[in-house]
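Trainee: Please see the structure below; I have some questions.
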Amino acid sequence: MEKTKNGLPENAYRPLKPGEKYVPFTPASFTGPEVTWRSVGWGLLLAAIFTASAAYLGLKIGQVFEAAIPIAIIAVGLTGVYSRKNTILENVIIQSIGAASGMIVAGAIFTIPALYIIPGLATNFWQIFLASLFGGFLGIVFIIPLRRYFVAEQHGLLPFPEATAINEVLVTGEKGGSQAKTLVFAAVIGGIYDFLIATFGMWAEVISTRVVPIGAKIADKAKIIFKVNAGAAVMGLGYIIGLRYAAIIVAGSFVSWLVLIPAVWYFGAHLNLQLLPGNVPVSSMTVEQIFSSYIRHIGIGGIAAAGIIGIIKNIKIIVSAFSLGFKQIFSGVKSGSAEERTDKDIPMSIVIFVIVLTSIAILLFVRASVVDTWYIAIIALLLTVIISFLFTTVAARAIAIVGVNPVSGMTLMTLILSSIILVKVGLHGPSGMVSALIIGTIVCTALSSAGAFITDLKVGYWLGATPFNQERFKFLGILVSALFVGGVILLLQNVYGFVKTPEHPNPLAAPQGNAMAAILNVVFATSSVPWGLYLAGVFMALTMEMIGVAPLAFALGMYLPMELNTPILIGGIIAYLVEKSTKDEALSKARKDKGTLIASGFIAGGALMGVVSAILAYFFEDKLNTGIAELEISGYHIGMIISILMFTFLCIFLFKYAKSAKVEE
């Protein structure tokens, strides 16, 4: 098998040819250390530390940093602590267990604070802990049957941008040499670049056509605007995603921002309308308000429809996986005896057993601590399990395509659906809101876990880890993270609070929790749900499927802010230009691979410095900000002008540095 200089097989990132097989970095015959006290112990310690810090900073400043890449960097750094170096598979286990922190935090802080924000509601440690634990377990067991499909059958077809960055960090840390120097250099450049923006405000993070007076006038009068996030990490994601998916994502964004927003404003303003769910007349709305009030709901509908389309297309895989499990249960068939180490999962019989056991635990939990009747408890259980199952493939595919898991949109849809159904079956008032939020917490955590875990499994597939080990110890990481997130949220509520009161004059921001609380108040008070907008998204997704365009990628583009999508396209264009910069096939591949390493460095540096920036933002608030990013002179945004120059320099750097690759590298 031909390998690159860093040791990865030549076909690590491209689709396999007919009859071709991917042989991982560490072959299936490897029998060295993987699951050790060292790897499990460090993984659990990092899970605890990052759970506490991510929950704290996420609720304080509304910024949820991604833990998986910093943990991978720490795992590589720990290699030199011991006389025996860590094997790369030990580092995979450290990263996989530690990354449970991000899964659990994303699920909890999006929903739990709403229980304190809505007057008359409250929660306790056991509700937070058990909702997070059960949600994490559901996400893992629902994704295990789909592992082979996503990581093996779709090899090279789905870009897995975040997994690629983690993979490059672990491999270059193992092999060292010029590859490691390239990664570290790119991480330093990307990290310093993003750090100067986030911490000191040296230039604007988002560039828009408001940079000049005529652009600002068009944005205000015609509601047409173009935005670009000038961050290194986001552009690096675009390079790894590639031009094909980047173009589909940005096409969805262009439909939202350049077609639908101007159209909504035109009709709304000229007919003097105030349309629900907006709370002010359309004529007085900004571009951003029209997007968040109306257009984003179309994207949510599209994501939901794309998920159902994905379920229908993958139904054979899902049915065969669970059929195998039932055969193992009822016929006593043993699993895994003839499987290669690198293709061995937890037996499907055990997966089904865990699903049943977790479902029973959720039923007892909801009945004992949330609702008063078994009838409503069963309804709540069905809602939780069915929605989690349906959206699992959405979360996994979203992470595989764009590296962003739209859990907020899917949780919003979950809250709306569960709230309406609970109201219909007779649950009203505080108990109904608590039930909806607990269901939302379990589902949100399940989707966050499923999306993040498919990243871990893809890294393991590339590097030759044992899926069985990743899967069983992920449960342990989730247990530790769920324990810590419950304690941290209660501590923050007692010390700071989430609502301004005489006892808590400076409450935590908890922006996602406030958004969920607002949705619940609207649904339970008025049952005003923008079904027409969701339906428009459904038909948009169906249209994309009919013309052969990936509906989830398009819907994600519609849902995500434009400034996060456009740099993905720019990164994809750079990847295309690097690949086409020579007609020599070997040289073209060498340049593309070096660009992937640089882009991974940008992502790793941006993620690591994002943690540092968040910590500094907490301790110093805005005292470090220079104010240059917001500087405006005679209608010209100086911060944006500087940002255009710096971002252009960064793009040229990526292109030129990637082109410097040689075939022997």
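The values are calculated or read from the model by the stated rules, or taken from the named source; none is laboratory data. On a predicted model such as this, the values are computed, not experimentally measured, just so you know. Cβ sites come from the backbone with ideal geometry, for glycine too, and all protein chains shown count toward neighbours.
Trainee: Return the only residue of Gly595, Gly601 being in a helix (DSSP H, G or I), over 21 Å from Asn11 (Cβ atoms), under 25 Å from the mean Cα position of the chain (by Cα) and modelled with pLDDT of 80 or more.
Mentor: Numbers: Gly595 fails: over 21 Å from Asn11 (Cβ atoms).
Testing whether each residue is in a helix (DSSP H, G or I), over 21 Å from Asn11 (Cβ atoms), under 25 Å from the mean Cα position of the chain (by Cα) and modelled with pLDDT of 80 or more leaves just Gly601.
Trainee: Here's something else I'd like to know. Going residue by residue through segment 22-31, is there one that turns out to be within 24 Å of the chain's Cα centre (by Cα), surrounded by 17 or more Cβ atoms within 10 Å (Cβ to Cβ) and either at pLDDT 80 or above or within 25 Å of Pro159 (Cβ to Cβ) (or both)? Steps first, please.
Mentor: Step one: of segment 22-31, the residues within 24 Å of the chain's Cα centre (by Cα) are none.
No.
Trainee: Does Ile478 qualify as being over 17 Å from Ala48 (Cα atoms) and modelled with pLDDT of 85 or more?
Mentor: Details: over 17 Å from Ala48 (Cα atoms): no; modelled with pLDDT of 85 or more: yes.
No, not satisfied.
Trainee: Does segment 379-399 contain at least one residue that is among the polar types (S, T, N, Q), surrounded by fewer than 23 Cβ atoms within 10 Å (Cβ to Cβ) and at negative phi? Give the steps one after another, and end with the answer.
Mentor: Let us first name the residues in segment 379-399 that are among the polar types (S, T, N, Q), namely 384, 388, 392-393.
Of the ones still in play, those that are also surrounded by fewer than 23 Cβ atoms within 10 Å (Cβ to Cβ) are none.
Checking segment 379-399: not a single residue is among the polar types (S, T, N, Q), surrounded by fewer than 23 Cβ atoms within 10 Å (Cβ to Cβ) and at negative phi.
Trainee: Same structure again: Would you check which residues across segment 465-483 are within 20 Å of Ala446 (Cα to Cα) and buried (at least 24 other Cβ atoms within 10 Å of the Cβ) and list them?
Mentor: Selection gives Gln470, Glu471, Lys474, Gly477, Ile478, Ser481, Ala482.
Trainee: Filter segment 193-220 down to the residues that are of a type in the set (Val, Ile, Thr) and either surrounded by fewer than 18 Cβ atoms within 10 Å (Cβ to Cβ) or outside any loop (DSSP other than H, G, I, E, B) (or both) and list them by number.
Mentor: Here is the first cut: in segment 193-220, the residues of a type in the set (Val, Ile, Thr) are 197, 199, 206-207, 209, 211-212, 214, 218.
Listed by number, the residues that qualify are Ile197, Val206, Ile207, Thr209, Val211, Val212, Ile214, Ile218.
Trainee: Right, next: Can you pull out every residue in segment 176-228 that is polar (S, T, N, Q) and more than 24 Å from the chain's Cα centre (by Cα)?
Mentor: First, pick out the residues of segment 176-228 that are polar (S, T, N, Q): 178-179, 182, 199, 208-209.
Passing the criteria: Ser178, Gln179, Thr182, Ser208, Thr209.
Trainee: A further question follows. Is it the case that some residue within segment 559-569 is in contact (Cβ under 8 Å) with a residue 12 or more places away in the chain and outside any helix (DSSP H, G or I)? Full working, then the answer.
Mentor: Residues of segment 559-569 that are in contact (Cβ under 8 Å) with a residue 12 or more places away in the chain, as a first pass: 559-569.
Subsequent filtering for residues that are outside any helix (DSSP H, G or I) retains 560-561.
Checked against the condition, which is being in contact (Cβ under 8 Å) with a residue 12 or more places away in the chain and outside any helix (DSSP H, G or I), segment 559-569 yields at least one hit.
Trainee: Which residue pairs have Cβ atoms under 6 Å apart, sit 6 or more places apart or on different chains, and have a first residue in segment 218-230 that is in contact (Cβ under 8 Å) with a residue 24 or more places away in the chain and a second that is in a loop (DSSP other than H, G, I, E, B) and not charged (D, E, K, R)?
Mentor: Filtered contacts from segment 218-230: Ala219/Ile225.
Trainee: Among the residues of segment 524-547, how many are over 15 Å from His297 (Cα atoms) and modelled with pLDDT under 85? Before the answer, list the steps.
Mentor: Of the residues in segment 524-547, the ones over 15 Å from His297 (Cα atoms) are 524-527, 542-547.
When the remaining residues are screened for being modelled with pLDDT under 85, the result is 524-527.
Here the count works out to 4.
Trainee: Assess whether Leu237 counts as being under 26 Å from the mean Cα position of the chain (by Cα) and modelled with pLDDT of 85 or more. I'd like the intermediate steps shown before the answer.
Mentor: Working: under 26 Å from the mean Cα position of the chain (by Cα): yes; modelled with pLDDT of 85 or more: no.
No, not satisfied.
Trainee: Further question on the same structure: How many of the residues making up segment 375-393 are within 21 Å of Ile420 (Cβ to Cβ) and either among the hydroxyl-bearing types (Ser, Thr, Tyr) or not in a helix (DSSP H, G or I) (or both)? Walk me through how you get there before you give the answer.
Mentor: Filtering segment 375-393 down to residues within 21 Å of Ile420 (Cβ to Cβ) leaves 375-391.
From what's left, either among the hydroxyl-bearing types (Ser, Thr, Tyr) or not in a helix (DSSP H, G or I) (or both): 375, 384, 388.
Looking only at that region, the number is 3.
Trainee: Further question on the same structure: Of (1) modelled with pLDDT under 80; (2) part of a helix (DSSP H, G or I), Pro505 satisfies all except one. Which?
Mentor: The one condition Pro505 does not meet is (2).
Trainee: Restricting attention to segment 221-228, does a residue exist that is part of a loop (DSSP other than H, G, I, E, B) and either crowded, with 24+ Cβ neighbours inside 10 Å or of a type in the set (Lys, Arg) (or both)? Break it down into steps so the answer makes sense when it comes.
Mentor: Within segment 221-228, the subset part of a loop (DSSP other than H, G, I, E, B) is 222-226.
Next, from what is left, pick out any that are either crowded, with 24+ Cβ neighbours inside 10 Å or of a type in the set (Lys, Arg) (or both): 223.
The answer is yes; a qualifying residue exists.
Trainee: All but one of (1) outside any helix (DSSP H, G or I); (2) at pLDDT 75 or above hold for Met1, so report the exception by its number.
Mentor: Going through the list (1) outside any helix (DSSP H, G or I); (2) at pLDDT 75 or above, Met1 breaks only (2).
Trainee: Hey, does segment 454-464 have a residue that's modelled with pLDDT of 80 or more, more than 18 Å from Phe554 (Cα to Cα), assigned to a loop (DSSP other than H, G, I, E, B) and touching a Lys or Arg at 6+ places or on another chain (Cβ under 9 Å)? So that I can check it myself, show each step before the final result.
Mentor: Within segment 454-464, the subset modelled with pLDDT of 80 or more is 454-464.
Now restrict to residues that are more than 18 Å from Phe554 (Cα to Cα): 454-464.
The next check asks that each one be assigned to a loop (DSSP other than H, G, I, E, B); those that pass are 464.
If we keep only those that are touching a Lys or Arg at 6+ places or on another chain (Cβ under 9 Å) as well, we get 464.
Checking segment 454-464: at least one residue is modelled with pLDDT of 80 or more, more than 18 Å from Phe554 (Cα to Cα), assigned to a loop (DSSP other than H, G, I, E, B) and touching a Lys or Arg at 6+ places or on another chain (Cβ under 9 Å).
Trainee: While we're on this one: How many residues, within segment 548-574, are at pLDDT 90 or above and among the aliphatic types (A, V, I, L, M)?
Mentor: Looking only at that region, the number is 4.
Trainee: State all residues of segment 124-140 that are surrounded by 24 or more Cβ atoms within 10 Å (Cβ to Cβ) and more than 18 Å from the chain's Cα centre (by Cα); if no residue qualifies, say none.
Mentor: Residues of segment 124-140 surrounded by 24 or more Cβ atoms within 10 Å (Cβ to Cβ): 128, 131-140.
Listed by number, the residues that qualify are Ile128, Ala131, Leu133, Phe134.
Trainee: So, one more: Identify, please: which residue in segment 5-21 is among the small types (Gly, Ala, Ser) and surrounded by fewer than 18 Cβ atoms within 10 Å (Cβ to Cβ) and is, among those, farthest from Val171 (Cα to Cα)?
Mentor: Start the filter on segment 5-21 by keeping residues that are among the small types (Gly, Ala, Ser), which leaves 7, 12, 19.
Those left that are additionally surrounded by fewer than 18 Cβ atoms within 10 Å (Cβ to Cβ): 7, 19.
Working: Gly7: 8, Gly19: 26 Å.
Once the filter is applied, the top-ranked residue is Gly19.
Trainee: Would you be able to say whether some residue in segment 114-130 is aromatic (Phe, Trp, Tyr), part of a helix (DSSP H, G or I) and at pLDDT 85 or above?
Mentor: Taking segment 114-130 first, the residues aromatic (Phe, Trp, Tyr) are 116, 125-126, 129.
In the following step, the residues that additionally are part of a helix (DSSP H, G or I) were identified as 116, 125-126, 129.
Applying the additional criterion that residues be at pLDDT 85 or above yields 126, 129.
Yes, because at least one residue in segment 114-130 is aromatic (Phe, Trp, Tyr), part of a helix (DSSP H, G or I) and at pLDDT 85 or above.
Trainee: Confirm whether Gly190 is surrounded by 23 or more Cβ atoms within 10 Å (Cβ to Cβ) and assigned to a helix (DSSP H, G or I).
Mentor: Details: surrounded by 23 or more Cβ atoms within 10 Å (Cβ to Cβ): yes; assigned to a helix (DSSP H, G or I): yes.
Answer is yes for this residue.
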